[in-house]
Amino acid sequence: MSKRQMLQFVSTAKEMPQKRDADSRAHDFDEIYAEFAAEKAAEQASRCSQCGVPYCQTHCPLHNNIPDWLRLTAEGRLQEAYELSQATNTFPEICGRICPQDRLCEGNCVIEQSGHGTVTIGAVEKYITDTAWENGWVPAIAPAAERPESVGIIGAGPGGLAAADVLRRAGVQVTVYDRHDRAGGLLTYGIPGFKLEKDVVMRRVAQLEQGGVEFVLNCNVGVDISFDAIRGKHDAVLIATGVYRSRGMQAPGVGAAGIVRAIDYLTASNRVGFGDSVAEYDSGELNANGKRVVVIGGGDTAMDCVRTAIRQGAQSVKCLYRRDRANMPGSQREVQNAEEEGVEFVWLTAPRGFAGEPVEGVMVQRMRLGQPDATGRQSPEVIEGADYVEPADLVVMALGFEPEDLPTLWGEAALEVTRWGTIKADFRSHETSLPGVFAVGDIVRGASLVVWAIRDGREAADSILTYLNQPAQVAAE
Ligand SMILES: Cc1cc2nc3c(=O)[nH]c(=O)nc-3n(C[C@H](O)[C@H](O)[C@H](O)COP(=O)(O)OP(=O)(O)OC[C@H]3O[C@@H](n4cnc5c(N)ncnc54)[C@H](O)[C@@H]3O)c2cc1C
Ligand code: SF4
């Protein structure tokens with residue numbers, strides 16, 4: 001069996017438990033490798049030199065106490081390790097799976113710096129939290145006392161959910177609104193299931209629901225309910241809506257059938273993973289099976305698209321990026337994974353246009369790196385006369401995301417935004433220009449990372465609690 005055939009087989013097999021029973025905790029692969037994971041986790045944890053200069057901790061956005069939970073893991077004290085890890089991270093098993101550790105904790109491990117290979121911090125974090133769930137060590141959300149105040153959270157991604165967790169534990173009445181039919185934001189419909197199993201996300205959503213968080217799904221704020229109405233219903237509001245406007249390009253043939261947006265492609269694939277019936281997938285519009293696929297872009301979303309296309313059984317998968325390997329924004333680890341799976345990267349190339357209706361090929365221009373721009377990064381320049389056509393049946397545009405124009409969509413001109421359209425919020429308190437309205441995650445930072453959204457959500461929840469504890473201020477609104 002080739003590596004690609006194996007991936008397609010594994011991908012199908014990994015989805016089976018979700019299809020059989022969405023709530024099922026059965027996970028064939030984890031069960032098979034459970035013993036291996038225990039040995040491996042302890043072995044890795046014991047490699048930590050307890051160096052005393054925990055750069056790993058400093059470079060983790062949540063400042064997780066990594067050296068201490070590694071030591072506890074090495075000593076076999078897994079429940080204590082879990083409790084320490086959960087104290088600073090709302091979703092450790094999710095970060096352990098999908099943080100770009102090579103750019104954060106692991107990239108700054110002293111052992112890695114000395115050339116001996118990092119301690120696999122993310123894998124250990126995942127392992128101890130998965131073990132905690134299996135052993136019933138993860139306590140239910142049970143506030144010591146109920147509070148009368150309510151908070152409305154718009155957006156059920158990691159930023160909104162992390163805030164919901166902190167607020168609910170403090171006894172606040174929390175309602176989370178989301179326009180999707182499932183909570184989780186990009187954890188659910190963006191990041192592919194082969195990187196983050198969906199039952200892991202749904203387990204956290206269920207924990208919040210069982211702890212008293214109310215979810216109002218299929219509710220598009222600004223369409224199904226006004227922002228003003230949400231403000232009127234709650235004592236404070238948190239905006240955690242992420243960034244969803246796909247960057248496009250102006251080029252001949254760009255509207256042809258067969259040219260699709262990355263978010264639509266990945267959402268369809270994730271829905272299929274849940275067992276949903278997706279018309280655009282069944283019709284082939286958002287399905288790479290048997291096709292020559294070209295993905296345009298060099299970020300992590302592009303990496304997810306190429307790796308998804310391989311698993312869907314594409315005939316070939318190529319990724320066009322206008323700079324070279326060293327200058328791409330996506331994780332090098334992801335590039336290596338994609339290459340091993342059969343993806344071909346065509347560096348220093350950019351589309352000039354698209355041929356055919358439906359699409360038959362990408363008109364590609366070759367690039368070289370020129371003089372550094374104001375940021376010091378070399379700008380790509382076109383090499384004239386070197387164009388060629390890259391045959392394609394499916395083109396996925398993964399050029400990044402921008403914020404929607406919330407002040408206009410929500411009819412709230414007083415909600416201040418930056419010149420990039422992201423919401424202006426105080427760096428520490430996360431309060432916006434509207435009193436009692438806070439904002440976190442990608443809608444403030446621009447496209448970022450799950451771990452930063454979690455940090456923002458936790459911090460904003462603390463600020464909201466401080467805000468709610470000032471009765472005169474709340475009454476005055
Ligand atoms: C394909 C892809 C792969 C990624 N992979 C990784 C990765 O491996 N590791 C990593 O750390 N980060 C990754 N990221 C980035 C990460 O997913 C985001 O930074 C993170 O999810 C942001 O969290 P958030 O809570 O701000 O927003 P989101 O997760 O985007 O959630 C926002 C929620 O708000 C809802 N919403 C929006 N507008 C409205 C409205 N008007 N009314 C109601 N609901 C609304 C949306 O439906 C959504 O559920 C990836 C991003 C993408 C696109
Ligand atoms: S949260 Fe992310 S950066 Fe922090 S320790 Fe875990 S994997 Fe590393």
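The values are calculated or read from the model by the stated rules, or taken from the named source; none is laboratory data. Quick caveat, the model's predicted, so the values are computed rather than measured. Methodologically, a virtual Cβ is constructed for each residue, glycine included, from the backbone with ideal geometry; neighbour enumeration extends over all protein chains shown. Quick note on the areas: whole protein, heavy atoms, side chains included, nothing else; ligands and nucleic acids left out. Shrake-Rupley method; radii C 1.70, N 1.55, O 1.52, S 1.80 Å.
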Problem - Solvent exposure of the stretch 22-135 as accessible area per residue, Å², 1.4 Å probe - result: 46 Å²
Handout entry: Rounded to whole Å, sorted largest first: equivalent-ellipsoid semi-axes of the stretch 326-477, Cα gyration tensor
Key = 44, 18, 16
Problem - Stretchable slack from residue 218 to residue 388, in nm (0.36 nm times residue separation minus alpha-carbon distance) - result: 56.7 nm
Practice task
Kindly report the accessible area of the stretch 248-397 per residue (heavy atoms of protein chains, probe 1.4 Å, no ligands, DNA or RNA), in Å².
Solution key: 43 Å²
Completion exercise
Counting as exposed only chymotrypsin sites (Phe, Trp or Tyr not before Pro) in DSSP loop states with no more than 14 other Cβ atoms inside 10 Å, the longest exposed-site-free span of the chain is 1-419
Completion exercise
Here the net charge surrounding residue 417, from other residues whose Cβ is less than 15 Å away from its Cβ (Lys, Arg +1; Asp, Glu -1), is -4
Practice task
Give the carbon-plus-sulfur fraction of the accessible surface of the stretch 22-135 in %, rounded to a whole number; probe 1.4 Å, heavy atoms of protein chains only.
Solution key: 53 percent
Fill in the blank from the handout: Neighbours of residue 382 by Cβ distance under 14 Å: Lys/Arg at +1, Asp/Glu at -1, summed charge +2
Problem - Pairwise label distance in nanometres, residue 426 with residue 381, each label 7 Å out on the Cα-Cβ vector - result: 4.9 nm
Exercise for the section: Within the stretch 335-406, report the trypsin sites (Lys or Arg not before Pro) that DSSP leaves as loop and that have at most 13 other Cβ atoms within 10 Å. Expected result: 377
Problem - Nearest-10 value in Å² for the accessible area of residue 63, using the 1.4 Å probe - result: 90 Å²
Problem - Rough spin-label spacing in nm, given labels placed 7 Å along Cα→Cβ, for residue 38 and residue 374 - result: 5.8 nm
Fill in the blank from the handout: Between residue 408 and residue 254, the FRET efficiency computed from the C-beta separation at R0 = 30 Å comes out, to the nearest 0.05, as 0.75
Fill in the blank from the handout: At R0 = 41 Å the Cβ-Cβ FRET efficiency linking residue 470 and residue 113, nearest 0.05, sits at 0.35
Problem - J(HN,Hα) series, the stretch 328-337, from Karplus relation 6.51 cos²θ - 1.76 cosθ + 1.60, nearest Hz, glycine and proline x - result: 7, x, x, 5, 4, 5, 5, 4, 4, 4
Practice task
Mind giving me the FRET efficiency for residue 277 and residue 49? R0 is 41 Å, r the Cβ-Cβ distance, nearest 0.05 is fine.
Solution key: 0.20
Problem - For the stretch 318-372 and the stretch 180-203, distance of Cα centres in Å - result: 27 Å
Exercise for the section: State, to one decimal in nm², a quarter of the convex hull surface area for the C-alpha atoms of the chain, i.e. the direction-averaged projected area. Expected result: 24.2 nm²
Handout entry: Convex hull of Cα atoms in the stretch 22-135, direction-averaged projection (nm²)
Key = 7.0 nm²
Problem - Simple spin-label estimate for residue 344 and residue 58 in nanometres, 7 Å along Cα-Cβ - result: 4.5 nm
Completion exercise
Stokes-Einstein D for the stretch 234-383 (20 °C, 1.002 mPa s, Kirkwood Rh from Cα pairs), in µm²/s, comes to 127 µm²/s
Fill in the blank from the handout: Rounded to a whole %, the carbon-and-sulfur portion of the accessible area of the stretch 248-397 at a 1.4 Å probe is 47 percent
Practice task
Please give the length that would be gained between residue 140 and residue 209 if that part of the chain were fully extended, namely 0.36 nm times their separation in residues minus their C-alpha to C-alpha distance (nm, one decimal).
Solution key: 23.8 nm
Handout entry: DSSP-defined antiparallel bridges as percent of all bridges, the chain, nearest 5
Key = 35 percent
